[in-house]
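The structure under discussion appears below in the form of structure tokens.
The values are calculated or read from the model by the stated rules, or taken from the named source; none is laboratory data. The model shown is predicted, which means the values in this text are computed figures rather than measured ones. Every residue, glycine as well, gets a Cβ built from its backbone with ideal geometry; the counts of neighbours run over all protein chains shown. Heads up: the accessible areas ignore ligands, DNA and RNA and are worked out on the full protein's heavy atoms, side chains in. Shrake-Rupley method; radii C 1.70, N 1.55, O 1.52, S 1.80 Å.
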Amino acid sequence: MGCTKTDNPFFETYKNKYGAPPFDKIKNEHYLPAFKEGMKQQMAEVKAIADNKTAPSFDNTIAALDFSGDLLKKVSSVFFNLYSCNTNAGMEKIANEVTPLLSEHNDNIYLNSALFARVKNIFDNREQLGLNSEQIRLLEKYHRNFIRSGAALNPEQKTRLREINKELGLAQLAFGKNVLDETNSYRKIVDKVSDLAGLPESVRQAAAETAKADGKPGKWIFTTQKASFIPVLQYGQNRELRKELLMAYTTRANHDNSNDNKAVINKIMKLRTQKAQLLGFDTSAAFILDDTMAKTPKAVYDFLATVWTPSLNKAKEEAADLQKIMDAEGTGQKLEPWDWWYYTEKLRKAKYNLEEESLKPYFKLENVRQGVFDLASKLYGIKFKKLDNMPVYHPDVEVFEVDDADGSLIGVLYTDYFPRPGKRAGAWMNNITDQYIKDGVNHRPVVCNIGNFTKPTADKPSLLNMDEVETLFHEFGHSLHGLLTQCTYPSLSGTSVARDFVEFPSQFMENYCWEPQVMKTYARHYKTGELMPQEMMDKIQLASKFNQGFNMTELLSAALLDMDYHTIKDTTNFDVTSFENASMKRMGMIPEIIVRYRSTFFSHIFEGDYAAGYYSYTWAEELDRDAFQAFKETGDIYNKKVATSFRKNILERGDTDDPMKLYIKFRGAKPNPDALLKKRGLVK
Ligand SMILES: [Zn+2]
């Protein structure tokens, strides 16, 4: 049964004063008709822009494009939000049907030569048009997107690009499938209880349950899933077992069988390099980074070098400390990668004796959330008000109105914190509607924070672990970036920024969560209301510097390996193992640590979106630590003046200017890595 436009909520103007979707009225059957009509409407708008007989101008072309596709944006944002956090079989079907249609729709816009001719004309004359800096930025963004999609290529080259994209898509899928198959097929069966010495009861139980489910009751099974083998590395006394599991994990998709990824990597790198060269760049990294804050491979290498050496030096010190424990135990053994976790746990217990279970009663979810709200109020003067009558898509969802100090509306925040079937793993922030200014009206955004935090039980509220507290602060940081934005054009507003800049406002908030001053506002025992003891807060501070040489060395070696791959110029076949070994040798990697992702299972870069981008987390960390330092330097982590500057120059600006320029406006200088290195205890 088709449905008429009149009973489809996407075809109506959302009625509430926030412009939030009527989630209670949206049903699966509303999506496809709205997607199809939305694409049709946008295509008509795009055609009118491309065929316009009037000379191309910023308003009749670039702004018109940016404000086109209203209905499509409406249905896409609701659909893809719910598809990640509240999906069902019907939605899976719709996603499969609509994804290729959307990608074709996108090609039809970006490969429209009449449209590109207008964009190019405006771009070539941009200096003479009297545009403001935000308009220039939007124009450059569109021009770049057209070029990157191949709009400037000749017909044969366009055909070749489409072929490359298709082959690349398939090769990346094959890479992911091989990693998944290898991960799922591995089983280490243990039949002697003595081999489990040192393992906590919960770990034994989980391994026993896996064995039972596999038809091997009475035995224990370990896999290369992190939740299964990491506890063995940490607590298992059986050194051979530790070694076997770590080796199984680090050699996935590297066994010269049908799941081997070495040939797939060759194919992916060949195609990526060819694509970059077709589009006028000498390497894949140069092509990818052209669109980021770092801009060039050299800038990334230079940055990584400044953090690599102190990290590696610290890791060497840590290795020596661990070796001392081994020597004191009289094992006569040399520290190996499969010993690192085990002796680190011993050292952690001896040094800090920090039991995570004893902290959790102080981290009741509602208190932590109120803590970040209060923090935002202190920094930016904004206020949060719970809304009880908004339509939601699930009873776990809560809605808050966010207002400025003067009472004007900033936007709406939805929080959806607990796991359930139909929600994918992890935590994230999304826009449900974007902020923009049109016809003098400032449309305020609706954003959401999604998590999978520990659920409340019959007798206990939701009590978070440290990782979850940090995640809540992090995602809330993305929300502030999405909420406080003050931009004209929807594609520049909020979090629509470069990949190596987007984690900056979120990671910035993490700086606050373990500050004793902040903890005093939220870390109260859920039963007694008593504040967390000072001694516990101090331990949390100290423990944050522990084992950071290892963590950073593991992470940065992966970032360097990623860059080495994506700066390949030559597209002839190469041997993956020798390539990786040469890369490790060049950076001076120590044998006691294995790079976080070896090539054959480095899914971030060969399957996902982080090609030439694994450095981004650390890049953003340099920014967030240095930005927090601006507060610390005043002696007041809530300093109003610095907070206002952070709001005006970073949080409100979206992608309306070059990110480094925005940063310099806030800080008065480029970021430097000192605060990052100090915070992690890598320098004195
Ligand atoms: Zn994030």
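Structure summary
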quantity: Failed condition for Q517, given (1) open to solvent by less than 30 Å² (accessible area, probe 1.4 Å); (2) more than 15 Å from the ligand (Cβ to nearest atom); calculated: (1)
quantity: Filter pass, D291 being open to solvent by 20 Å² or more (accessible area, probe 1.4 Å), acidic (D, E), touching a Lys or Arg at 6+ places or on another chain (Cβ under 8 Å) and modelled with pLDDT under 95; calculated: yes
quantity: Residue within the range 102-113 that is within 25 Å of the chain's Cα centre (by Cα) and either hydrophobic (A, V, I, L, M, F, W, C) or more than 27 Å from R162 (Cβ to Cβ) (or both) present; calculated: yes
quantity: Pick from the range 222-233, criterion in a helix (DSSP H, G or I) and in contact with a Ser or Thr (Cβ under 8 Å, 6 or more places away or on another chain), ranking: least open to solvent (accessible area, probe 1.4 Å); calculated: F229
quantity: Filter result for K455 (away from the ligand (no atom under 12 Å from the Cβ), closer than 24 Å to F23 by Cβ and either of a type in the set (A, V, I, L, M, F, W, C) or modelled with pLDDT under 95 (or both)); calculated: yes
quantity: Enumeration of residues in the range 501-514 that are within 15 Å of the ligand (Cβ to nearest atom) and open to solvent by 10 Å² or more (accessible area, probe 1.4 Å); calculated: V502, E503, Q507, E510
quantity: Residue list for the range 170-197, restricted to those being farther than 17 Å from T600 by Cα and assigned to a helix (DSSP H, G or I); calculated: V193, S194, D195, L196
quantity: Filter pass, Q277 being farther than 30 Å from K349 by Cβ and open to solvent by 10 Å² or more (accessible area, probe 1.4 Å); calculated: yes
quantity: Pair list, Cβ under 7 Å, 6 or more apart: the range 404-423 residue free of Cβ contacts under 8 Å to residues at least 24 places away in the same chain, other residue surrounded by 13 or more Cβ atoms within 10 Å (Cβ to Cβ) and of a type in the set (A, V, I, L, M, F, W, C); calculated: D404/I382; D404/I410
quantity: Selected residue [among the hydrophobic types (A, V, I, L, M, F, W, C), surrounded by 13 or more Cβ atoms within 10 Å (Cβ to Cβ), touching a residue at least 60 places away in the same chain (Cβ under 8 Å) and within 22 Å of G654 (Cα to Cα)] from L138, L153; calculated: L138
quantity: Per-region count, the range 174-197, residues more than 27 Å from Y597 (Cβ to Cβ) and small (G, A, S); calculated: 2
quantity: All positions within the range 631-645 that are touching a residue at least 24 places away in the same chain (Cβ under 8 Å) and buried (at least 20 other Cβ atoms within 10 Å of the Cβ); calculated: A643
quantity: Members of the range 245-273 found to be in a helix (DSSP H, G or I) and among the small types (G, A, S), listed by number; calculated: A248, A263
quantity: The range 530-580, subset hydroxyl-bearing (S, T, Y) and out of contact with any Leu (no Cβ under 6 Å at 6 or more places or on another chain), residue farthest from T283 (Cα to Cα); calculated: S544
quantity: Index of the failed condition, E357 passing every other in (1) open to solvent by less than 50 Å² (accessible area, probe 1.4 Å); (2) not in a strand (DSSP E or B); calculated: (1)
quantity: Qualifying residue in the range 522-539 (condition: within 11 Å of the ligand (Cβ to nearest atom) and touching a Phe, Trp or Tyr at 6+ places or on another chain (Cβ under 9 Å)); calculated: no
quantity: Lone qualifier among K270, K219, K298 - being open to solvent by 60 Å² or more (accessible area, probe 1.4 Å) and in contact with a Ser or Thr (Cβ under 6 Å, 6 or more places away or on another chain); calculated: K270
quantity: Qualifying position, being within 14 Å of the ligand (Cβ to nearest atom), under 30 Å from A285 (Cβ atoms) and assigned to a loop (DSSP other than H, G, I, E, B), among A425, A498; calculated: A498
quantity: Among (1) in contact (Cβ under 8 Å) with a residue 12 or more places away in the chain; (2) open to solvent by 60 Å² or more (accessible area, probe 1.4 Å); (3) in a loop (DSSP other than H, G, I, E, B) - the single one R653 does not satisfy; calculated: (2)
quantity: Filter result for the condition that a residue is free of Cβ contacts under 8 Å to residues at least 60 places away in the same chain and either among the hydrophobic types (A, V, I, L, M, F, W, C) or over 27 Å from A114 (Cα atoms) (or both), over A64, A50; calculated: A64
quantity: Subset of the range 470-492 that is in a loop (DSSP other than H, G, I, E, B) and open to solvent by 10 Å² or more (accessible area, probe 1.4 Å) - its residue that is farthest from the ligand (Cβ to nearest atom); calculated: T488
quantity: Residues of the range 437-452 that turn out to be on the phi < 0 side of the Ramachandran plot and open to solvent by 10 Å² or more (accessible area, probe 1.4 Å), as a count; calculated: 7
quantity: Output for the range 610-624, where each listed residue is at pLDDT below 95 and part of a loop (DSSP other than H, G, I, E, B); calculated: Y610
quantity: Any hit, the range 45-53, residues being under 30 Å from V397 (Cα atoms) and buried (at least 19 other Cβ atoms within 10 Å of the Cβ); calculated: no
